[in-house]
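Asks: One structure, pasted below without further comment.
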Amino acid sequence: MRPSRGRNAKWRAARPLVAGRSVATWLGDTRGAGSVTVVGIAAAIALAAVLVIAVGGALVVRQRVAGAADAAALAAADTASGRLPGVPCVAAAEVAAANGAELDGCLVEGLVVTVRAAAVVGALPVTATATAGPPSEE
């Protein structure tokens, strides 16, 4: 058997082979690189979308809890002033629950009431504080 006499016969004979191709060709082969790039970009976009949705959901819950705290403080202040019958903190707890939060704290100082409402987003607690009462005399 005679060795190949082509133009690059010596070069071909000297190159190590991997899977039937030379190492230089195997390492320099770009077939499929576009597919890998597209998959990577798609994964990055999907991750960004998930993060945006999670942060957006957390902001919605934060606003809901803030609204619940405001409403609970107003209800408790109305009860403390005698405008509504009942106990101020009980009224605040009922209003907070009706608005999708739970009452986390309630402080009554005369006619001024400060409440803290809370909810959970995933594993993270979200809280909001609100104060209501008659206008200050300043």
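The values are calculated or read from the model by the stated rules, or taken from the named source; none is laboratory data. Keep in mind the model is a prediction, meaning the values are calculated, not measured. Positions of Cβ are generated from backbone atoms using ideal geometry, with glycine treated the same way; all protein chains shown enter the neighbour counts.
Asks: How many residues are in a loop (DSSP other than H, G, I, E, B) and surrounded by 15 or more Cβ atoms within 10 Å (Cβ to Cβ) if we restrict to segment 93-105?
Replies: Adding up the residues that qualify gives 2.
Asks: Look at residue 57 and say whether it is assigned to a loop (DSSP other than H, G, I, E, B), surrounded by 10 or more Cβ atoms within 10 Å (Cβ to Cβ) and either in contact with a His (Cβ under 6 Å, 6 or more places away or on another chain) or at pLDDT below 95 (or both).
Replies: no
Asks: Considering only segment 78-92, I want to know if a residue exists there that is basic (Lys, Arg), part of a helix (DSSP H, G or I) and surrounded by fewer than 16 Cβ atoms within 10 Å (Cβ to Cβ).
Replies: No, segment 78-92 contains no residue that is basic (Lys, Arg), part of a helix (DSSP H, G or I) and surrounded by fewer than 16 Cβ atoms within 10 Å (Cβ to Cβ).
Asks: Can you tell me which residue among 52, 112, 108 is β-branched (Val, Ile, Thr) and crowded, with 18+ Cβ neighbours inside 10 Å?
Replies: Selected residue: 108, the only one of 52, 112, 108 that is β-branched (Val, Ile, Thr) and crowded, with 18+ Cβ neighbours inside 10 Å.
Asks: Here is a further query. Could you list, ordered by first residue, the pairs with Cβ atoms under 7 Å in which the first is in segment 114-127 and under 13 Å from residue 68 (Cβ atoms) and the second is in a strand (DSSP E or B) and aromatic (Phe, Trp, Tyr), at least 6 apart or interchain?
Replies: Pairs that qualify, where the first residue is under 13 Å from residue 68 (Cβ atoms) and the partner is in a strand (DSSP E or B) and aromatic (Phe, Trp, Tyr): there are none.
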